[in-house]
Amino acid sequence: MQETHTAIPFIERRIGAYVWNDRDALQLCRAGLPVYYIRPYSDFGSQRIIGVTPITPSDVCITPAEPPYPVIYTGQAGSDDKFAAIRIAGMQCYQTPSPFQNMHLPDQYTSSYNIESTARITSRVESSFPSSDTDGSSSGPVRSTRAQNTLHPYERPRGKPQRSNPPQMQRDLFADFPHDNDLTPPPLTAWREANKSIDVQHPNRHHTSGQPPKCLTVAPDPAMFFGSDDRERQLQMLTQWHHVKGAILQCIADGSMNVLQPNATWKKILLLKMIGLPENRTVDPDSGRTQTKAQAKHSKSQQDGHRQAVELIQAAFSRLNLNKPLTFPDGAVISLQDAKSLVFEVCMVNFRHQLTSLDEKADTTGPAPSQTTTTADVRIAAHQHRYERQRLIDTVLGGPVDSASAWSQGLAAKYWPDRLKPLRAFANIMDSWPGEKGPLWGRGNDPNLSAMQAAGEQWEQALVVFYVQSYYNYFGHPPILPRRL
């Protein structure tokens, strides 16, 4: 009688080797190792195939993301640059400050840059241009001693003297908006006439008084709307800004286009309804014979600025696929209340950009290269530092989105207790800026300051004076100040 045995389940507790050629299979088998011989079933000849299991595709989403993810650079850069790009892109995708803080293994790759003992990052490719000659020698033409000492060294034909234009009244750049104008938003108490306190000969300024840098803004300077007393002209300029501001402010928010422009270009944009579109025609060369070179150059500059203003509006409209004319339609002049809101808006938009630009230049707490850090570490730390600084700026202005509701929760809030938190963030930003802070600087740390409005406004005024002077020291022109609606 045959004995019945119960099947005992067999559990393999060893890991075998998967091979696909005879030589490796024989060597591993002779060594006493379990071998799993893997070959396509078509190579086994005439054998019965019980079943075939198809390969299951991986459960990975390959559809394009909407909105798209940040672009990660994958070129022939060093591994440190690739890692920094991935790390920075991760910071932009998540709310946490450092989602990949354990991802980086230091000293596991070769840096593309060398950090010298002087804490200066230098590229491996050095410049091949020679240094400039400092002895003042020149190979150009040399004038005689008599020509050098005379007022007019070369003989020039005397032409008809040109009539000089009468001098134009220049606007006081440090003056506040006119208080008796219906379009002027009320100023913050501590910020009233703050630019008058600027010392134009301050020893810490980074520019010469004779050559100040050009003023570039992301929105029109609100002082443009008060350059003329003609109310119809003011409303037309504000209506034109209302017509184009949606596209321009969207480009500012998403950073898709550089909208930094000088005042001359913004003025062309605001007056486009009155001056019309530039004509695409060539200038008759005979028509300019009666003009001086200075007049011809000025006319050419005006035409270029006119064309640049139109191209800026067209580029902003095309990015948002807006199909509308470049100027506002006839009869669409806005009301006085809407015009006042627009002046308030350009004040706050410009204030955010100028505060951010100044902090990028004046901040002294940013990460610096050292002997123990690589280029990637410095780049990531710099991005994280700017992220934290930007959050402070958002606190000053009530949030990351530029809107009247957000500004009313920030520096432009109506009540003093609501303004205390934004002001403390404003002071924290300027703590790292160079310059003398004054004896009232530490008053913001008083826990009872919310109940002492008079003392708090004195402290705020000290902050404002330091801010406007710091801005002038770096940029050479007074800043645009915030207001309340």
Considering Asp338, Asp330, which residue is at pLDDT 85 or above and not polar (S, T, N, Q)? Asp338
Anything in region 335-356 that is in contact (Cβ under 8 Å) with a residue 60 or more places away in the chain and either under 12 Å from the mean Cα position of the chain (by Cα) or more than 19 Å from Val401 (Cβ to Cβ) (or both)? List them, or say none. Leu336, Asp338, Ala339, Lys340, Val343, His353, Gln354, Leu355
Complete set of residues in region 194-227 that are over 27 Å from the mean Cα position of the chain (by Cα) and at pLDDT 90 or above: Lys196, Ser197, Asp199
Would you be able to say whether some residue in region 313-327 is out of contact with any helix residue (DSSP H, G or I) (no Cβ under 6 Å at 6 or more places or on another chain), modelled with pLDDT of 75 or more and of a type in the set (Val, Ile, Thr)? no
When you go through (1) hydrophobic (A, V, I, L, M, F, W, C); (2) in contact with a Cys (Cβ under 8 Å, 6 or more places away or on another chain); (3) surrounded by fewer than 13 Cβ atoms within 10 Å (Cβ to Cβ) one by one for Ala316, which number turns out not to apply? (3)
Which of the residues spanning region 335-385 are of a type in the set (Lys, Arg) and surrounded by 15 or more Cβ atoms within 10 Å (Cβ to Cβ)? Lys340, Arg352, Arg379
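Yes or no: Phe344 within 30 Å of Gly246 (Cβ to Cβ), at pLDDT 85 or above and of a type in the set (Phe, Trp, Tyr)?
Criteria met by Phe344.
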Matching residues in region 427-462 - criterion: being within 24 Å of Pro213 (Cβ to Cβ) and surrounded by 15 or more Cβ atoms within 10 Å (Cβ to Cβ): Ile429, Met430, Trp433
Count of region 447-485 residues which are closer than 21 Å to Ala362 by Cα and assigned to a loop (DSSP other than H, G, I, E, B): 7
Looking only at helices (runs of 4 or more DSSP H) that lie completely in region 209-280, which have at least 1 residues being of a type in the set (A, V, I, L, M), loosely packed, with under 13 Cβ neighbours inside 10 Å and in contact (Cβ under 8 Å) with a residue 24 or more places away in the chain? 231-254, 272-275
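Could you list, in sequence order, the residues of region 308-342 that are of a type in the set (Gly, Ala, Ser) and touching a Pro at 6+ places or on another chain (Cβ under 9 Å)?
Ala309, Ser341
The values are calculated or read from the model by the stated rules, or taken from the named source; none is laboratory data. Keep in mind it's a predicted model, so treat the numbers as computed, not measured. Neighbour counts are summed over all protein chains in view; Cβ atoms, including those assigned to glycine, are modelled from backbone coordinates with ideal geometry.
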